[in-house]
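Remarks on the structure that follows.
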Amino acid sequence: MSAPRLTVLLLLALAAFSAGCATKSGAEKRIEKNPQLFGKLSDRDRELVRNGEVKEGMSQEAVFLAWGRPDRVMSGGRDGKSSEKWAYFDSQPVSNFSVGIGAGAIHPFYTNFGVHPAFGYSYGPGWGYGTDIDFVSHISRQVEFTNGKVTAWERTR
């Protein structure tokens, strides 16, 4: 198996293992830290928050408890009403493999054969390869509010 594939597989296995070790979801932790916010929600919204779900009509507080703090907040307007959009980002590992071929380099060499030192330059072709893992950020979820209530939301699969 090539080194880039092995690296990606190891990262995915580590992520799966880490996810399996988690005892509490992010929503459960936020509910514990903010019982007064959770207590103000309707029964429907409490159930949605426990499941990490967002639906139209939810308050910003309910979305915070379900999904956490947004990574980006954007303000704007639609149909003459002000709106706010929250965006959440995830990152994904991307493996890069590169090969380089060059004409080589000129470099000095020194040698001492017996009593006669020698000096000169060496020139030769060269090549190399490398692997690298980059993490690419992308929007994974976003939710739009008008008057503090969810009017639209979306999640990538």
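The values are calculated or read from the model by the stated rules, or taken from the named source; none is laboratory data. Small disclaimer: the values here were computed from a predicted structure and weren't measured. All Cβ positions, glycine included, derive from the backbone under ideal geometry; neighbour counts span all protein chains shown. The area values use the complete protein model at the heavy-atom level, side chains included, leaving out ligands, DNA and RNA. Shrake-Rupley method; radii C 1.70, N 1.55, O 1.52, S 1.80 Å.
Do the conditions hold for S122, that is, is it over 33 Å from the mean Cα position of the chain (by Cα), surrounded by 10 or more Cβ atoms within 10 Å (Cβ to Cβ) and either under 30 Å from R78 (Cα atoms) or modelled with pLDDT under 90 (or both)? Spell out how you get there, then give the answer.
Working: over 33 Å from the mean Cα position of the chain (by Cα): yes; surrounded by 10 or more Cβ atoms within 10 Å (Cβ to Cβ): yes; either under 30 Å from R78 (Cα atoms) or modelled with pLDDT under 90 (or both): yes.
Here the answer is yes, as S122 does meet what is asked.
With the condition kept exactly as written, say whether any residue in the stretch 79-90 is under 17 Å from E28 (Cα atoms) and part of a loop (DSSP other than H, G, I, E, B). Explain how you work it out, then say what you get.
Going residue by residue through the stretch 79-90, those that are under 17 Å from E28 (Cα atoms) are none.
Within the stretch 79-90, not a single residue is under 17 Å from E28 (Cα atoms) and part of a loop (DSSP other than H, G, I, E, B).
Being small (G, A, S) and either surrounded by 12 or more Cβ atoms within 10 Å (Cβ to Cβ) or touching a Lys or Arg at 6+ places or on another chain (Cβ under 6 Å) (or both) is the filter here, so list the residues in the stretch 31-46 that pass it.
Quick first cut of the stretch 31-46, residues small (G, A, S) only: 39, 42.
Hit for the stretch 31-46 is S42, nothing else.
Scan the stretch 54-73 residue by residue and report those that are out of contact with any Phe, Trp or Tyr (no Cβ under 8 Å at 6 or more places or on another chain) and either modelled with pLDDT under 95 or farther than 30 Å from D134 by Cα (or both).
From the stretch 54-73, those out of contact with any Phe, Trp or Tyr (no Cβ under 8 Å at 6 or more places or on another chain) are 57-59, 61-62, 64, 66, 69; that's our starting set.
Correct list: G57, M58, S59, E61, A62.
Provide a single number: the residues in the stretch 57-77 that are assigned to a strand (DSSP E or B) and over 17 Å from G39 (Cα atoms). Reasoning before the result, please.
Kept after step one, since they are assigned to a strand (DSSP E or B), are these residues of the stretch 57-77: 59, 72-77.
Going one step further and asking which of them are over 17 Å from G39 (Cα atoms), we end up with 72-77.
Of the residues in the stretch 57-77, 6 are assigned to a strand (DSSP E or B) and over 17 Å from G39 (Cα atoms).
Can S95 be described as modelled with pLDDT of 85 or more, within 29 Å of the chain's Cα centre (by Cα) and more than 30 Å from S42 (Cα to Cα)?
In short, no.
When you look at V49, is it touching a residue at least 24 places away in the same chain (Cβ under 8 Å), surrounded by 13 or more Cβ atoms within 10 Å (Cβ to Cβ) and under 26 Å from the mean Cα position of the chain (by Cα), yes or no? Before the answer, list the steps.
Numbers: touching a residue at least 24 places away in the same chain (Cβ under 8 Å): no; surrounded by 13 or more Cβ atoms within 10 Å (Cβ to Cβ): yes; under 26 Å from the mean Cα position of the chain (by Cα): yes.
For V49, the condition - touching a residue at least 24 places away in the same chain (Cβ under 8 Å), surrounded by 13 or more Cβ atoms within 10 Å (Cβ to Cβ) and under 26 Å from the mean Cα position of the chain (by Cα) - is not met.
Pairs please, first residue from the stretch 73-93 and touching a residue at least 12 places away in the same chain (Cβ under 8 Å), second anywhere and open to solvent by less than 60 Å² (accessible area, probe 1.4 Å) and aromatic (F, W, Y), Cβ atoms under 7 Å, 6+ apart in sequence or on different chains.
Matching pairs, first to second residue: V73/W86; S83/F145; E84/F145; Y88/W67.
Quick check on S59: is it touching a Ser or Thr at 6+ places or on another chain (Cβ under 7 Å), touching a residue at least 40 places away in the same chain (Cβ under 8 Å) and not aliphatic (A, V, I, L, M)?
Values: touching a Ser or Thr at 6+ places or on another chain (Cβ under 7 Å): no; touching a residue at least 40 places away in the same chain (Cβ under 8 Å): yes; not aliphatic (A, V, I, L, M): yes.
No: the conditions fail for S59.
Step by step: first the residues of the stretch 52-73, then only those that are within 14 Å of E84 (Cβ to Cβ) and more than 23 Å from the chain's Cα centre (by Cα), then the one that is surrounded by the fewest Cβ atoms within 10 Å (Cβ to Cβ). Which residue is that?
Taking the candidates together, the pick is Q60.
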